[in-house]
1. Mind checking Rg over Rh on chain A, alpha carbons, Kirkwood formula for Rh?
2. Which FRET efficiency value, to the nearest 0.05, is calculated for B:Lys412 and A:Gln301 with the Förster distance at 51 angstrom and r the Cβ-Cβ distance?
3. Note down the net charge around B:His53, summing +1 for each Lys or Arg and -1 for each Asp or Glu among other residues with Cβ under 13 Å from its Cβ.
4. Given Cα pairs under 8 Å that are at least 6 residues apart, what percent is the relative contact order of the range B:128-248?
5. For B:Val275, A:Val286, which order do you get if you count the other beta carbons within 10 Å of each Cβ and list the fewest first?
6. Taking the radius of gyration and the Kirkwood hydrodynamic radius from Cα positions alone, what is the Rg/Rh ratio for chain B, to two decimal places?
7. Mind checking which lysines have their Cα closer than 17 Å to the Cα of B:Lys183? Skip sequence neighbours fewer than 8 apart in that chain.
8. How long is the gain from B:Tyr54 to B:Arg193 if the chain were fully straight, where each residue apart is worth 0.36 nm and the alpha carbon distance is subtracted?
Amino acid sequence: MSRSHAQSGFDVAVVGAGVVGCAIARRFTLEGAKMIVLEKAPDILDGASKGNSGILHTGFDAPCGSLEQSCIASGYSEYLDIRERLGLPLIRSGALVLAWTEEEEARLPELMQQARDNGVGDVEALTSDEILRREPNLSRRVRAGFCVPREFIIDPWSAPHAYLLQALTNGAELRRECEVLAGQFDGSAWRLETSAGEIAATCVINAAGLYGDLVDQTLRGVSDFHIRPRKGQFVVYDKAAAGLVKSILLPVPSATTKGIVVCRTAFGNLLVGPTAEEQTARDEAVLVPETLAQLQERGTQIVPALSDIEVSAIYAGLRPATEFKDYQIRAHREINLITVGGIRSTGLSSALGIARHVFSQYLELGHAPHALTDPIWPTVAQISEAGERSWQTPCNDGVVCHCERVTRAEIEAALEGPLAPGSFAGLKRKTRVTMGRCQGFYCSAELARLTKDRLKHPMSGAPDDR
Amino acid sequence: MTGDTAPAYDVAIIGGGPAGLSAAVELKRLGVASVVVIEREREAGGIPRHCGHYPFGMREFSRVLRGPDYAARLVERALRVGVEIRTRVSVTSLKPGPQIDVSSPDGLATIRARRVLVATGVREKTRAARLIGGTKPSGVLSTGALQGLVYLDGLKPFSRPVILGTELVSFSALLTCRHAGIKPVAMIEPNARITAWRASRLLPGALGVPLMLGASITRIEGRAQVEAVEVADRSGRTSRIEADGVIVTGQFLPEASLLRDSHLAVDSMSGGPCVDQFFRLSDPAYFAAGNLLRPVETAGWCWAEGRAAARMIAGSLAGTLPEPTPRAGLALMGDALKYVVPQRLVAASGAPRTLQVRVRRPARGTLSVVVSGQNLWSQRIDALPERRILIPLDRLPIDLNGPVHIVFAEDKA
Ligand SMILES: Cc1cc2nc3c(=O)[nH]c(=O)nc-3n(C[C@H](O)[C@H](O)[C@H](O)COP(=O)(O)OP(=O)(O)OC[C@H]3O[C@@H](n4cnc5c(N)ncnc54)[C@H](O)[C@@H]3O)c2cc1C
Ligand SMILES: Cc1cc2nc3c(=O)[nH]c(=O)nc-3n(C[C@H](O)[C@H](O)[C@H](O)COP(=O)(O)OP(=O)(O)OC[C@H]3O[C@@H](n4cnc5c(N)ncnc54)[C@H](O)[C@@H]3O)c2cc1C
């Protein structure tokens with residue numbers, strides 16, 4: 001069908017380059033659709049996908065039979081299948097669900113049963129002694145728990161970068177600073193009015209994350225859900241902390257949140273968070289000192305040795321939650337629009353699965369593209385602790401960011417290519433410069449020099465992101 | 001490289017700031033044959049490279065210099081006496097041997113030396129570590145980053161920032177702003193008085209910058225760039241100051257991450273390595289000098305300390321330094337005390353036995369040295385954080401049979 005509609009431009013326009021939009025662009029491109037991704041920010045991953053925990057969830061605690069659970073399961077397995085070819089890391093940490101009170105302990109059997117019902121059959125009950133043997137730095141107050149051996153840690157930025165990069169190298173297009181402002185469906189195709197001109201596409205996929213309901217209102221006149229942004233604040237500890245724990249330490253979840261997690265990052269730091277706080281603002285995640293101090297305290301209760309280690313970064317993310325528990329994915333047949341909304345707290349894990357699910361809905365709309373027979377598999381830079389880093393290899397041109405050991409070669413590479421950043425924040429997400437313990441104390445000047453005239457939105461000082 | 005390779009150097013010095021460079025020069029003067037300074041930046045010289053203001057160099061060169069000129073002279077002097085300076089080489093780990101792993105533009109390598117001096121300096125405590133709330137726009141910088149941008153790159157990251165802190169370095173930030181044509185709109189200090197010496201009180205007034213004492217930044221506002229800060233006074237009353245940047249100054253921390261990841265003992269009070277009075281670490285083949293030892297001293301002090309440490313290292317190479325054991329630990333008693341350096345004393349004479357003590361908040365009272373219940377020394381002090389307090393140990397008859405207590409009895413308010 002891409003042939004017959006050639007004059008109308010693209011087969012599909014995806015609104016939003018969060019992890020979900022990136023995964024959709026990849027899946028559809030591989031299946032042969034001519035794609036364009038429209039992102040309003042100067043760089044991709046500027047919404048909900050900017051600040052998450054970086055956990056590849058098995059979905060053991062997802063509601064049984066939910067769309068979320070099935071998308072996590074298929075997204076999880078696809079990540080494991082493709083990650084080596086795309087150069088994506090995997091830290092096989094496993095997770096421990098820990099009970100600290102009698103009530104929590106009483107809920108463990110039910111949670112383990114839920115895990116088995118969700119196809120995560122390898123959970124295993126552990127006594128406090130067994131837990132402490134695995135995690136000797138844990139507080140001795142732990143009562144009991146169980147392990148989920150296949151909960152893993154990934155890089156929350158390189159994964160969506162790789163998905164989109166594969167889409168782009170196989171023919172998709174990306175427009176940044178391109179906000180969808182209005183749209184007309186003429187019975188066979190869409191005309192989208194954007195801040196960067198008009199775009200024509202046969203079908204539109206709304207993957208606008210925190211703006212999903214608004215984009216639906218713009219395009220359909222109504223929305224079937226309301227976004228209720230749910231903020232999650234984090235404190236990140238310096239490298240010395242990462243050696244203190246091996247597993248992802250999960251609490252017994254409550255009805256609304258997975259609770260405060262203690263977890264290594266793919267970059268060799270340790271995070272404590274997130275909180276779950278409802279708010280109305282969609283574009284502002286305000287850090288609250290008292291809450292950060294509470295997180296620090298909570299971290300120290302779980303891992304007492306953290307009291308001696310410096311907090312190296314603080315950040316907050318917003319989950320695109322709605323009034324519903326499950327994802328809100330719906331095809332609007334009569335107008336060639338698929339809404340992919342409410343991907344609140346598991347989108348990093350489920351994105352590849354969501355993309356498959358959405359593609360099957362696209363087929364049901366009557367489209368039949370021809371899958372690429374021999375797609376290109378680009379790789380992204382390896383910046384996690386899971387593999388060899390540039391500073392460990394010859395021709396790295398010297399370390400620039402000393403805390404995160406980012407080399408000049410890595411920065412130069414990040415500034416090139418189809419996903420070259422438009423802003424300093426984008427460069428940080430691709431390389432981690434200034435995200436370590438000194439937050440730009442040593443390297444800001446060198447970075448200003450290296451990025452001079454190479455970012456559309458140049459650095460004015462070191463922006464203080466995650 | 002294998003374990004039985006002979007050390008390539010007599011002494012390897014990590015960090016080419018005033019402490020590292022002065023140690024290198026002194027080691028050469030004392031006849032030590034091969035000395036290498038390993039520096040991760042493109043140029044050696046350390047922090048003064050980007051302190052484009054006076055006064056540096058009185059003690060070292062008997063004249064008043066700007067930071068960059070001072071740094072250049074230190075480097076030049078070291079090169080002249082035959083010190084090898086390797087720039088763009090980052091030390092990534094410290095191991096027994098001593099053996100140090102480095103990363104350079106060519107990749108990984110291992111350097112072996114008979115002795116190692118660690119002189120990696122200090123950095124400022126970040127907005128993140130201080131848990132300052134609000135959004136995360138650009139324009140939130142440490143003084144170090146600001147100086148780099150202004151003096152090394154001629155950039156002007158903002159035009160109307162607030163300055164948080166009133167340490168000496170905060171006034172450095174003020175001077176840096178003036179140099180770049182940046183007009184700070186306020187200087188904000190949580191304590192009731194200025195931390196740096198009182199004369200500095202005249203400076204913000206003279207430059208037309210309002211000083212807000214007893215105030216703290218509770219929130220940073222702005223999307224892309226800082227737009228305002230919310231400031232709370234002692235009673236919790238808040239006000240909003242429009243500003244396009246925040247300079248988060250001071251509250252120095254030793255740059256000790258290398259030590260934390262190594263076999264060497266770190267003192268959680270000073271944040272630097274545990275040393276004895278011979279600048280010797282828990283592994284006696286390792287030494288430390290300069291601001292890594294403690295936050296924070298002037299360049300001149302660090303330079304002198306580098307020289308003193310060099311003499312100890314030369315002694316250690318010659319086998320004339322006293323054994324590292326037996327030794328006594330120093331214990332701090334008194335809530336206001338922040339740290340003491342050195343943390344350990346070896347039974348020996350002839351070393352620079354001065355203890356350096358600091359307080360964590362403004363405090364008045366009597367400071368004493370107590371050994372086995374016996375008060376050996378006391379002095380009345382009226383102390384501010386970030387100001388050095390020295391205890392002359394060489395006149396004290398200290399036996400090492402028990403811990404030495406540094407006791408601070410504060411006056412009742
Ligand atoms: C605190 C926290 C912790 C989390 N931890 C995990 C975890 O450990 N594991 C996990 O799997 N998931 C986790 N998540 C969930 C995951 O981050 C989200 O599910 C996911 O990022 C949602 O992605 P998205 O693409 O739907 O939305 P977004 O990332 O918000 O993407 C939407 C994009 O659309 C753009 N946009 C909006 N409107 C327009 C418009 N009109 N025109 C053009 N572009 C537009 C936005 O700028 C944005 O870039 C966490 C989330 C949070 C907040
Ligand atoms: C922003 C700022 C402003 C200051 N302003 C003044 C001032 O105006 N006047 C004054 O007297 N003092 C000032 N100081 C104090 C300053 O610390 C001293 O002047 C002096 O620089 C300390 O010397 P040093 O040799 O201990 O450390 P530094 O000068 O900090 O030198 C340490 C060196 O070690 C290098 N290094 C660190 N880690 C590694 C590694 N892993 N591998 C290789 N190399 C490494 C660093 O790149 C650096 O060059 C300031 C400090 C700061 C942070």
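Bear in mind that the values in this text are calculations on the coordinates, not laboratory data. It should be emphasised that the depicted structure is a prediction, and the values quoted were computed from it without experimental measurement. Please note: Cβ atoms are built from the backbone with ideal geometry, for glycine as well, and neighbour counts cover all protein chains shown.
1. Rg/Rh: 0.96.
2. Values: r = 35 Å, r/R0 = 0.68.
The formula returns an efficiency of 0.90 here.
3. On the way: positive: B:Arg49, B:Arg66, B:Arg178; negative: B:Asp69.
Once positives and negatives cancel, what remains is +2.
4. It rounds to 33 percent for the range B:128-248.
5. By the 10 Å Cβ count, ascending, the order reads A:Val286, B:Val275.
6. A ratio of 0.98.
7. Cα-Cα hits under 17 Å: B:Lys156.
8. Here the segment from B:Tyr54 to B:Arg193 would lengthen by 47.6 nm.
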